[in-house]
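Asks: Questions regarding the structure given below will be posed in turn.
The values are calculated or read from the model by the stated rules, or taken from the named source; none is laboratory data. These numbers come from a predicted model, not from an experiment. Note that we place each Cβ from the backbone using ideal geometry, even for glycine, and neighbour counts take in every protein chain shown.
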Amino acid sequence: YHGILRKGQNPLFAFALDFACLCARANGVNFKGLTPYEKKKYVWKMLYIYMLGYDVDFGHMEAVSLISAPKYPEKQVGYIVTSSLLNENHDFLRLAINTVRNDIVGRNETFQCLALTLVGNIGGRDFAESLAPDVQKLLISSSCRPLVRKKAALCLLRLFRKNPDVVNVDGWSDRMAQLLDERDLGVLTSSMSLFVALVSNNHESYWSCLPKCVKTLERLARNQDIPQEYTYYGIPSPWLQVKTMRALQYFPTIEDPNTRRSLFEVLQRVLMGTDVVKNVNKNNASHAVLFEALALFPPSNIEGLTCIVCKDFILVMVVPWYVDVILQLIDKAGDFVSDDIWFRVVQFVTNNEDLQPYAALKAREYLDKPAIHETMVKVSAYLLGEYGHLLARRPGCSPKEIFSIIHEKLPTVSTSTIPILLSTYAKILMHSQPPEPELQNQIWAIFSKYESCIDAEIQQRAVEYFALSRKGEALMDILAEMPKFPERQDPLWKQSSLIKKAEDTEADTAEQSAIKLRAQQQSSNALVVTDQSPANGTPPVSQLSLVKMPSMSSENHNTAEQGVTQANGTLSVVDPQPSSSSPGLLGDLLAIEGPPGVAVQSEHNLVSGSEGALDAEDALALAPVGEQANTVQPIGDIAERFNALCLKDSGVLYEDPYVQIGIKAEWRAHHGRLVLFLGNKNTAPLVSVQALILPPTHLRLELSLVPDTIPPRAQVQCPLEVVNLRPSRDVAVLDFSYRFGTNVVNVKLRLPAVLNKFLQPIPVSAEEFFPQWRSLSGPPLKLQEVVRGVRPMSLMEMASLFNSFRLMVCPGLDPNANNLVASTTFYSESTRAMLCLVRVETDPADRSQLRMTVASGDPTLTFELKEFIKEQLVSIPTALRPPVPVPTPQAQPTTSPAALSSDPGAMLAGLL
Amino acid sequence: NLVSTSTFLLSCSASNMFETTVLRELSGLILTRGPKLCTFVEWRGFKVVYKRYTSLYFCMCVNQDDNELEILEVIHHFVEILDRYFGSVSWTCSSIFTRKDHHSKAYYILDEILIAGELQESSNKTVARLVAVQDSLVEAAKEEASSLSNIIAQATK
């Protein structure tokens, strides 16, 4: 050992000295003389020094000699130290071959394992030549236990990889097929690794194994018959999935249609089932699988690709890549790209400021192509409208140039694209303040050209943009974004702000589709008039009000500005009853003003007035049914709008021919900030504007001052602060009224400050869920109910419904695939952040009923949440729902309490 | 200590290079990287996947076309098993690698998870079971030895 001492390195030196002394003391002068314990100890020390990063070029012989020890502890140490210290080219290994072979062919399976591990980790040529057949035998031997066979599989893999010429795998396809039928997932994982190596070398021989791989994948993807211990963060052995997909990638095509179909199903399941979750390990594992699945898609399979690109998670990870891919996809296969996909591109570009110049530049590049798909025109126009100004310094990207290249495409596009182009022009104008007169004139000319377009959408945009853009600088303010929330110290909020942004953008596109929907809706002419008689207990109507007779100049043949009618000696009112053929609407519409109007049609009391305030003409004008249709009617279904806003954070709350009320909301914990956008659509001002909030007891609402007058074609923003005090399903109501000309309009609108807005989805793992679930035992904290009359929907639909209400479905937590488990955090001032857990057990045979269990740390919350979910699940009856009183009727300025109590219309107004 | 851990777990499935050179280069490469940087590094035509747990770095060197996320989770899988075996307190302060009986156990465990750089067992329960069997074998041999030496001691009295 003098050679060692020469090195003089500190730990080595100490160790070598120690070792030499020990040997001397033991009088054996050599290693053999030591006791087994001492041998082990010194070989381990050697390994430890090696681990610290020193070259250990002595003691190899001793380590190798331990392999042949008869007892397990020494043998184990010998094997491990040898496999760590020596590599395949080491001469000492030859000495061990015989011992290793004896251990492999021997009957002792623990020795077999050690030997196979050594060979698997070192895998030299000598080992391959002398041991490969024995290892193969072990692998396919039915008498071996899984622990030996999985090691044999990997050992063979190593030998094959290093020396493919030495290992004879001819005729192994049958054996491989047999191995792939293995039930033990450990053996299957190892065998799959071996299989990957074999097919990468030569896939031709292994066609027979292909269906087995697909079957394995199916089993994993459906989580069928997978022991719990083989799931990793809820994912059935991601490694095995990855390896199996790897193996499949080596086969150029799959001929059998059945196999192909099952594979496609599996891939689709992987694509659709992968989501971004908080747990980083789960994310990694599921994305590892996802990426292999992506690689498995044949490049020509556009359908497959489009379903991939729907997934947001890719965006989160590799946004620039995503934008590139989608743009390419649109370019190459625009017909297959649905609108959602390009909406998503827009959405993600909007949310990633870094990406905006890049995306705009890309869009600009695509526009240079001679022929591009219409969808590409849409995306490019949108992106350039929003972010084109970021490119201003680049050549070919001045506002004028961008405008002209986009405008070149206009003659080639369909009517659905023109509105987008018009928006782009407006944005270009907005971003180039002060605008070049030439550009401005060009754009204005286009707007005025489309002002008379037959398509309502185009016409509306043209008119609006034209008017807006004439305001010059003011345009900036109108098109500017809503001010951001000040950042507060809430980590949950920060995390979710990206998602929120996404929701906002999504809502904008929803708004677009709502516009389309509205265009399709026929305006109903039916006017609902309450037949009010004094006999039913209403005190004599004594206020002076006006019948609303809006003058819709385009259609209205009756230009009478007002219809004031005398009834029973007083002037009374016909209210603007929103009309719709659906009786459900009536319930949802909180638009009935205090005293119901008298029946105007063929009523004898129509003209009996002694107050000669009216001339006969006006009174008569009121009589024909046709004229009653002129009463202000909302555009679109208010209930639908409200329901949509319960899920989205921005959109239109109410619209009629004069006014549009838009909402944008941001929610953070138990705080919310809504902005009401009150837009006057007309060229005359709206006066006597009043907006009052009728808050339910559980909300604290503060509406900023609403101006009395909204100037023509202007929009005012009224922020509304919301604080959630405690859990409740009651809804706040906005009492909005205005006067336009002589028409007074009053509507009561539910505000989308509903329970689910104060929820924050939170993923929970099994380890977090079950203890919580168990600790909340029984009523009142945990409530269970069997719900009948559930709307028919698949489990997937139900899961997405839950997710849309910010109840996060946690797949894989419940072993029964027919059950859903969801979790969320509820925020209110009284409860603070409170975890809520929901479990829904469905019966696949009968989708109309289910059992629901809701648990949280607060009894009221549990109850309210349970009722809330129930409301979402059961089918909404088309008949009128039972009336519920208006939360705070006394706050209604225009309604006398007495009238309210007896008036069915007012009762309806309270329907929530 | 950081260097040593990377030594320990370096499992080069495709490399045959001289190990100390490998280590020196890799530790220089990985230890200088900030916590926010990607945990995959390209190196000499391979990919190095590493993950840091408190003061321990675990790294694996894989081929360019391997699935790095999968490998990252192999590391985490290994760490979870270590965690379960040693209890998180003892090993996070890297004491596995300072106590000799611990570092040997870590080797046993690694051998139950990876062979030839490929995952052999994805169930942590199975691994735990196999390691426990090995432990009991060692214990049994120890007891046998001590009883033997007792007998000898008795006999030679």
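Asks: Being within 14 Å of chain B (Cβ to nearest Cβ) and more than 18 Å from A:ASN89 (Cβ to Cβ) is the filter here; which residues of the stretch A:119-148 pass it?
Replies: A:ALA132, A:VAL135, A:LEU138, A:LEU139, A:ARG145, A:PRO146, A:LEU147, A:VAL148
Asks: Working only within the stretch A:686-712, note down all residues that are without any contact (Cβ under 8 Å) to a residue 40 or more places away in the chain, touching a Pro at 6+ places or on another chain (Cβ under 7 Å) and either crowded, with 17+ Cβ neighbours inside 10 Å or β-branched (Val, Ile, Thr) (or both).
Replies: Across the stretch A:686-712, the qualifying residue is only A:THR709.
Asks: What number of residues in the stretch A:62-113 are over 24 Å from B:ARG129 (Cα atoms) and facing chain B (nearest Cβ under 9 Å)?
Replies: 3
Asks: Name the residues in the stretch A:722-747 that are buried (at least 22 other Cβ atoms within 10 Å of the Cβ) and farther than 17 Å from A:ILE661 by Cβ, would you?
Replies: Selection gives A:ASN724, A:PRO727.
Asks: Continuing with this model, one more query. Would you be able to tell me the number of residues in the stretch A:18-41 that are surrounded by 19 or more Cβ atoms within 10 Å (Cβ to Cβ), more than 11 Å from chain B (Cβ to nearest Cβ) and either at pLDDT 75 or above or in contact with a His (Cβ under 7 Å, 6 or more places away or on another chain) (or both)?
Replies: Counting residues in the stretch A:18-41 that are surrounded by 19 or more Cβ atoms within 10 Å (Cβ to Cβ), more than 11 Å from chain B (Cβ to nearest Cβ) and either at pLDDT 75 or above or in contact with a His (Cβ under 7 Å, 6 or more places away or on another chain) (or both) gives 1.
Asks: On to the next question. Collect the residues in the stretch A:811-825 that are within 14 Å of A:VAL277 (Cβ to Cβ) and either among the aromatic types (Phe, Trp, Tyr) or without any contact (Cβ under 8 Å) to a residue 40 or more places away in the chain (or both), keeping them in residue-number order.
Replies: Of everything in the stretch A:811-825, just one residue is within 14 Å of A:VAL277 (Cβ to Cβ) and either among the aromatic types (Phe, Trp, Tyr) or without any contact (Cβ under 8 Å) to a residue 40 or more places away in the chain (or both), namely A:ALA822.
Asks: Exactly one of these conditions fails for A:GLN772: (1) of a type in the set (S, T, N, Q); (2) part of a helix (DSSP H, G or I); (3) loosely packed, with under 14 Cβ neighbours inside 10 Å. Give me its number.
Replies: Of the numbered conditions (1) of a type in the set (S, T, N, Q); (2) part of a helix (DSSP H, G or I); (3) loosely packed, with under 14 Cβ neighbours inside 10 Å, the odd one out for A:GLN772 is (3).
Asks: With the structure loaded, tell me whether A:SER380 is within 23 Å of A:LEU329 (Cα to Cα), of a type in the set (Ser, Thr, Tyr) and either assigned to a loop (DSSP other than H, G, I, E, B) or out of contact with any helix residue (DSSP H, G or I) (no Cβ under 7 Å at 6 or more places or on another chain) (or both) or whether it fails that test. It would help to see each step written out before you state the result.
Replies: Values: within 23 Å of A:LEU329 (Cα to Cα): yes; of a type in the set (Ser, Thr, Tyr): yes; either assigned to a loop (DSSP other than H, G, I, E, B) or out of contact with any helix residue (DSSP H, G or I) (no Cβ under 7 Å at 6 or more places or on another chain) (or both): no.
Judged against the criteria, A:SER380 is not a match.
Asks: Still on this structure, I have one more. Look through A:LEU157, A:LEU180, A:LEU116 and report the one residue that is out of contact with any Leu (no Cβ under 6 Å at 6 or more places or on another chain) and either of a type in the set (Lys, Arg) or within 14 Å of another protein chain (Cβ to nearest Cβ) (or both).
Replies: A:LEU116
Asks: Something else about it: Would you please name the residue that is nearest to the other protein chains (Cβ to nearest Cβ), looking only at residues in the stretch B:66-97 that are outside any helix (DSSP H, G or I) and modelled with pLDDT under 55?
Replies: Selected residue: B:SER94.
Asks: I want to confirm something. Restricting to the stretch A:183-198 and keeping residues that are touching a Phe, Trp or Tyr at 6+ places or on another chain (Cβ under 7 Å) and either surrounded by fewer than 24 Cβ atoms within 10 Å (Cβ to Cβ) or within 18 Å of A:LYS162 (Cβ to Cβ) (or both), which single residue is farthest from the other protein chains (Cβ to nearest Cβ)?
Replies: Here the residue is A:LEU198.
Asks: Could you tell me which residue of the stretch B:52-67 is nearest to B:LEU119 (Cα to Cα), considering only residues that are touching a residue at least 12 places away in the same chain (Cβ under 8 Å) and surrounded by fewer than 20 Cβ atoms within 10 Å (Cβ to Cβ)? Before you say what the answer is, go through the steps one by one.
Replies: Initial filter on the stretch B:52-67 (touching a residue at least 12 places away in the same chain (Cβ under 8 Å)): B:52-64, B:66.
In the following step, the residues that additionally are surrounded by fewer than 20 Cβ atoms within 10 Å (Cβ to Cβ) were identified as B:52-55, B:63-64, B:66.
Details: B:ARG52: 20, B:TYR53: 20, B:THR54: 24, B:SER55: 24, B:ASN63: 15, B:GLN64: 18, B:ASP66: 13 Å.
Here the answer is B:ASP66.
Asks: Filter the stretch B:103-157 down to the residues that are in contact (Cβ under 8 Å) with a residue 24 or more places away in the chain and outside any helix (DSSP H, G or I), then identify the one that is farthest from A:VAL148 (Cα to Cα).
Replies: Only one residue fits best here, namely B:GLY117.
Asks: Report the residue count in the stretch A:210-237 for those that are part of a loop (DSSP other than H, G, I, E, B) and surrounded by fewer than 24 Cβ atoms within 10 Å (Cβ to Cβ).
Replies: So the answer is 8.
Asks: So, one more: With respect to the numbered conditions (1) of a type in the set (D, E, K, R); (2) farther than 16 Å from A:ILE869 by Cβ; (3) touching a residue at least 12 places away in the same chain (Cβ under 8 Å), which one is the sole condition not fulfilled by A:ARG839?
Replies: Every listed condition holds for A:ARG839 apart from (2).
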